Amino acid sequence: MDVAIVGAGAAAACLVDALSRQESEPGRLTVFDPSPQPWRGQPYARDLEQVRVNLPPQQMSARHGDDAHFADWLRSRPKDAARHLDPQLNQPLPPRAVYGDYLEETAEAAIGTLRGRGWQVQLIAERVTGAETRPGARVELHTAGGAKHRVDRAVLCVGAGSPRDVYRLAGTPGFVLDPYPLADTLDGIAADADVAVVGSGLTAVDVAVCLAAREHRGRITLLSRHGLLPHVQQRGFPFQPKHLSRARLLELAEQGQLTLHQLKPLFGAELAEFGEDPEQLAAEIGAAWTEHPAERLRRQLGEVGSEQRARRVLVRLVRSLGPLALGLLPERERKELQETHFRIVSSLCSPMVPVNAATLLALHDAGQLELVEGVERIEPALGGGFGIEATGRARLSADVVVNAVNATPYATPDCAEGLVRSLVEAGAAELGGTGGLGTEPGTGRLVVDGRPDPRLLALGDIAGHSLFITSSIAGLVAQTPAVTEALLSGF
């Protein structure tokens, strides 16, 4: 068996760990990635300490079936655990770079296990630029260096696309298209500059918090069309679904196409286990559009340890089962979720940690930070800086504009455009109806005209049936057993 993984980020690290724990005949594994920091991807590259993970350790395990895997690793580094304790969650929330260390060590340990069982494992620091996939033949991968590698199976773990330039400001002096790593970006911003941040999600929160940590004196304005901040992360609790499970989703799909209508009573049953009312949860979610952002922050900071568990149950289910459920839903329902409910799902499932929420609130209360919604236009101003127009507001100005808008869901990253184009043009892959590459729900196999190809698989954001927000670790981990099984099937 000759297997290739294209990309060496978080998805690949989870997959290699899962592969190392499968009973199989030894084969050959080749991983392609030109990054000088393999197994991290951009999200977990080295950066400022204030760029933190946004979930407690029990929800960040890279190993399926072992929720304590990351927590145990972190306990082996007590200085990191103690230095980055969030007092309200009573959990360590380390920098994302520290989590990157964990992914590196997890992947390297898995490679050691595979080699100990007779596998040949090689990491090639080159980008895969294309592929040939003749019917009945092995997959031939082409690299930027001109090499050709024939493999039996290939898994695309290429990560997310590039940030969107919504207002077409790329190349304008004072505009930052991609804020990461913030350690480099913020060095170029004067301490008294008025900074406008395009977006109000987790990336925008990172920018504001890191500016505060550097004792920035100028105004900080978060610019948003919708004005929705991430929810504040709540304290976790042990939870295993009884009614809305992977097995139940697959069972319903076998009986006919799964619908949101079928999911509603199953979710209601999960809430009933804790005496929670679905209507109360719906009202809480709906209030996100009407409540003043600062007052919502203040209220949610007071509810981090609340006994009400409905929101936490919803988030855990969406993050772990969302990718599978989305792939089983009719295309019209997938589109409705993505187009109509993207913002609220993103706010719920990509929450900010309490320590960052407290920083935002302090900046707001001090008059240094403002959230402006209804933004219509941002353009370079005569003489330098930027002019900003928003509904119902006088024209605003800023010295610097930092983009914090993530890639379009399912977008192909620049590094994988050649590979994806070659697969689509050869008829070996097709674009999904809501974006990304069409995949078979559960297995990750690429699908063309409804037929899955056992030679080609995808895991992560590029898979058209992944969750339409940036793939969470929990979502990746939930998918790895089935993808690993599909990868090894037939050998």
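The values are calculated or read from the model by the stated rules, or taken from the named source; none is laboratory data. Predicted model only: the values in this text are computed from it and were never measured. Positions of Cβ are generated from backbone atoms using ideal geometry, with glycine treated the same way; all protein chains shown enter the neighbour counts. SASA here: full protein model, heavy atoms, side chains in, ligands and nucleic acids out. Shrake-Rupley method; radii C 1.70, N 1.55, O 1.52, S 1.80 Å.
Annotations
- Contour excess over end-to-end distance, with Cα ends at Ala362 and Ser306 and 0.36 nm allotted per residue: 18.0 nm
- Structural descriptor for the chain: relative contact order 22 percent, calculated from alpha carbon pairs under 8 angstrom and at least 6 residues apart.
- Carbon/sulfur fraction of accessible area - the stretch 75-220, other protein chains in place, 1.4 Å, %: 48
- Other residues whose C-beta falls under 13 angstrom from the C-beta of Ala190 contribute a net charge of -2, scoring Lys and Arg +1 and Asp and Glu -1.
- A 1.4 Å probe run over the stretch 321-398, with the rest of the protein chains in place, finds 45 Å² accessible per residue.
- Per-residue 3J(HN,Hα) values for the stretch 305-311, derived from phi via the Karplus relation 6.51 cos²θ - 1.76 cosθ + 1.60 with θ = phi - 60°, read x, 4, 6, 6, 10, 4, 5 Hz in sequence order (x marks Gly and Pro).
- Accessible area per residue was computed with a 1.4 Å probe on protein heavy atoms; Glu108 scores about 100 Å².
- Highest-first packing order for the peptide set 385-397, 438-450 is 438-450, 385-397, based on the mean count of other beta carbon atoms within 10 Å.
- The share of accessible area on the stretch 312-376 that comes from carbon and sulfur is 48 percent, using a 1.4 angstrom probe.
- Counting heavy atoms of the protein chains alone, Glu485 has an accessible area of about 130 Å² for a 1.4 Å probe.
- Amide H contacts of Val198 (H built 1.01 Å from N, under 5 Å, at least 5 apart or other chain): Leu223, Val402, Asn403, Ala404
- Rounded Å value of the spacing that divides the Cα centres of the stretch 389-421 and the stretch 20-35: 35
- The calculated Kirkwood hydrodynamic radius for the stretch 358-400 is 11.7 Å, given to one decimal from all distinct C-alpha pairs.
- Trp39, Trp73, Trp289, reordered so the largest accessible area comes first (probe 1.4 Å): Trp289, Trp73, Trp39
- Rounded Å value of the spacing that divides the Cα centres of the stretch 38-92 and the stretch 269-348: 24
- Spacing of the two label points (7 Å from each Cα toward its C-beta) at Trp289 and Glu389, in nm: 2.6
- Take the stretch 26-98 with all the other protein chains still there, run a 1.4 Å probe, and you get 45 Å² of accessible area per residue.
- The amide H of Gln91, built 1.01 Å from its N in the peptide plane, has Asp86 as neighbours under 5 Å, considering only residues 5 or more places off or on other chains.
- Potential extension, His226-Ala407 segment - 0.36 nm per residue separation minus Cα distance: 63.4 nm
- Amide proton proximity set for Gln368, modelled H, under 5 Å, gap of 5+: none
- Label-to-label distance, Gln120 versus Glu251, with points set 7 angstrom from Cα along the beta-carbon direction: 4.6 nm.
- Cross-link reach list, lysines versus Lys242, counting only Cα pairs under 27 Å and skipping chain neighbours closer than eight places: Lys264
- In this view, the solvent-accessible surface of Lys335, computed with a 1.4 Å probe and all protein chains in place, comes to about 80 Å².
- Normalised by residue number, the volume inside the convex hull of the Cα atoms of the stretch 170-314 is 182 Å³ per residue.
- Among (i) 0.96; (ii) 0.99; (iii) 1.21, the entry derived from the coordinates for Rg/Rh (Cα atoms, Kirkwood Rh): (i)
- Relative contact order (percent, whole number), the stretch 1-120, Cα cutoff 8 Å, 6+ residue spacing: 34
- With θ taken as phi - 60° and the Karplus curve 6.51 cos²θ - 1.76 cosθ + 1.60 applied, the whole-hertz 3J(HN,Hα) list for the stretch 223-236 is 9, 8, 7, 10, x, 10, 8, x, 5, 8, 4, 9, 5, x Hz, x standing for glycine and proline.
- For the stretch 385-391, 3J(HN,Hα) computed residue by residue from phi via the Karplus equation (6.51, -1.76, 1.60; θ = phi - 60°) reads x, 9, x, 10, 10, 9, 4 Hz, glycine and proline entered as x.
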